[in-house]
Amino acid sequence: MIKLTILDGHAVNPGDLPWSFLDNFVNYTVYERTEPDQVIERIGNSDAIFLNKIQITKEIFDACPNLKYIGVLATGYNVIDLEAARQHGVIVTNIPAYSTDSVAQHVFSFILYFTNQIAQHNEAVMNGDWIKCPDFCFWNGSLTELSGKTLGIFGYGNIGKKVSEIGKAFGMKVICCTRTQKEGMPESVSFEELLKRSDFLTLHAPLTDKTKNIINKDSLALMKKSAYLINTARGGFVVEKDLADCLNNCGIAGYAADVLLQEPMAKDCPLLKAKNCVITPHIAWAPLETRKRLQGIAEENLKAWLAGKPINVVS
């Protein structure tokens, strides 16, 4: 049996999913977390590794000559030095399209948080405000109907398409900005028009040199003051100081994010105290069903490599 080391198993499996699917065809060791100075020692003479957010550099490849396979337990694989992997003949695979449904669901959890204000009204009820109310109902903030509102989508891959479908089910008008035109996609507009027209703008493009910091003081200035911005993709899209200033000065109505520039969140993150800002700790991908799906694809990837016919190869 080949030797497999899982370097940061807690990220995918904090204890609610078994690793037993590996029992019959690999000899494996699971570490919940691995610090950078522990990586080389823990890989040791392993033939293969699974990881989520552990950096694998040229120096690590040089120090681990037995390594032949890296299974990234995520879609993004920027933690791997792919050129070094190629030089060392190491196959690298990822997990594509496993979290489409859960991320799209999280997008609308954010949107409905703003429009229906469930948390705010539940807090008021639990504080006794309804008991003291002279009427059969009350609301302490403006409620919003999604039907007829414009949903802007930046990037139209699997998740962008799913978000579009859900938006249409709510009766929203959907527009998108994307590099690649596809049959059946919503109205395609420029980024500037997307900013100007969207009542809700959600980000789903890859993070590249062109999209890095695309949400900044200039782009935010083009958005409606009543608009909401949603980011479940990458923290690097956003200049956080510019966005915090915008929120604190009523530039847009609100921001919701599942991702930040630095994760875990830095103590001095400008968004920590920003007005009308909702942040979840990178959990859009984390429902149990989603992580089960991820494990299943990871198993398929590993078995395909062992059979000499690797799939989902990124290097």
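Brief remarks on what is shown
- Taking a straight Cα-Cα cut-off under 22 Å and skipping sequence neighbours fewer than 8 places away in the same chain, the lysines within cross-link reach of Lys3 are Lys53, Lys58, Lys68, Lys303, Lys309.
- Over the chain, the fraction of Cα-Cα pairs per 20 Å bin, rounded to whole percents and listed from the shortest bin up, is 29, 50, 19, 1.
- Rounded is the label for the stretch 27-90, because a/c, from the alpha-carbon gyration tensor with a ≥ b ≥ c as root eigenvalues, stays below 1.5.
- Violating pairs (Cα-Cα greater than 25 angstrom) within the set Lys168/Lys225; Lys149/Lys267; Lys224/Lys273; Lys149/Lys241; Lys161/Lys212: Lys149/Lys267; Lys149/Lys241
- You can think of it this way: the chain between Glu192 and Cys250 has 18.9 nm of extra reach, that is 0.36 nm per residue less the Cα-Cα gap.
- Accessible area of the stretch 190-243 divided out per residue, in Å², using a probe of 1.4 angstrom: 45 Å²
- Pair-distance profile P(r), taking every C-alpha pair of the stretch 57-134, with 5 angstrom steps and integer %: 3, 12, 14, 11, 9, 7, 8, 7, 6, 7, 6, 4, 3, 2, 1
- Normalised contact order of the chain, rounded percent, pairs of Cα under 8 Å and 6 or more residues apart: 15 percent
- 10 Å binning of all Cα-Cα separations within the stretch 113-252, expressed as whole percents from 0 upward: 11, 36, 30, 15, 7, 1
- Sparse-neighbourhood loop sites, GluC sites (Glu not before Pro) in the stretch 64-156 - DSSP loop, at most 12 other Cβ within 10 angstrom: Glu145
- Top of Gly148, Gly71, Gly167 by mean-square fluctuation, Gaussian network on the chain, Cα under 10 Å: Gly148
- For the stretch 251-315, carbon and sulfur atoms together expose 56% of the accessible surface, with a 1.4 angstrom probe and every protein chain in place.
- Debye equation applied to the C-alpha atoms of the stretch 209-260, log10 I(q)/I(0) at 0.17, 0.22, 0.27, 0.28 Å⁻¹: -0.44, -0.75, -1.12, -1.19
- Share of Cα-Cα pairs in the stretch 21-161 lying beyond 18 Å, as whole percent: 70 percent
- Cα-centred dipole magnitude for the stretch 53-163, charges only on beta-carbon of K, R (+1) and D, E (-1), debye, nearest 20: 320 debye
- Counted charge near Asn66, where neighbours are those whose Cβ lies closer than 9 Å (Asp, Glu -1; Lys, Arg +1): +1
- Our note on the geometry: Cα centres of the stretch 1-46 and the stretch 212-236, 38 Å apart.
- With every protein chain in place, the stretch 45-157: carbon and sulfur % of accessible area (1.4 Å): 54 percent
- Difference of contour (0.36 nm per residue) and Cα-Cα distance, Glu35 to Glu83: 15.0 nm
- Length-normalised contact order of the stretch 175-237 in % [C-alpha pairs under 8 Å, at least 6 apart]: 36 percent
The values are calculated or read from the model by the stated rules, or taken from the named source; none is laboratory data. Since we're looking at a predicted model, the values are computed, not measured. All Cβ positions, glycine included, derive from the backbone under ideal geometry; neighbour counts span all protein chains shown. Protein only, heavy atoms only, side chains kept; ligands, DNA and RNA dropped before computing areas. Shrake-Rupley method; radii C 1.70, N 1.55, O 1.52, S 1.80 Å.
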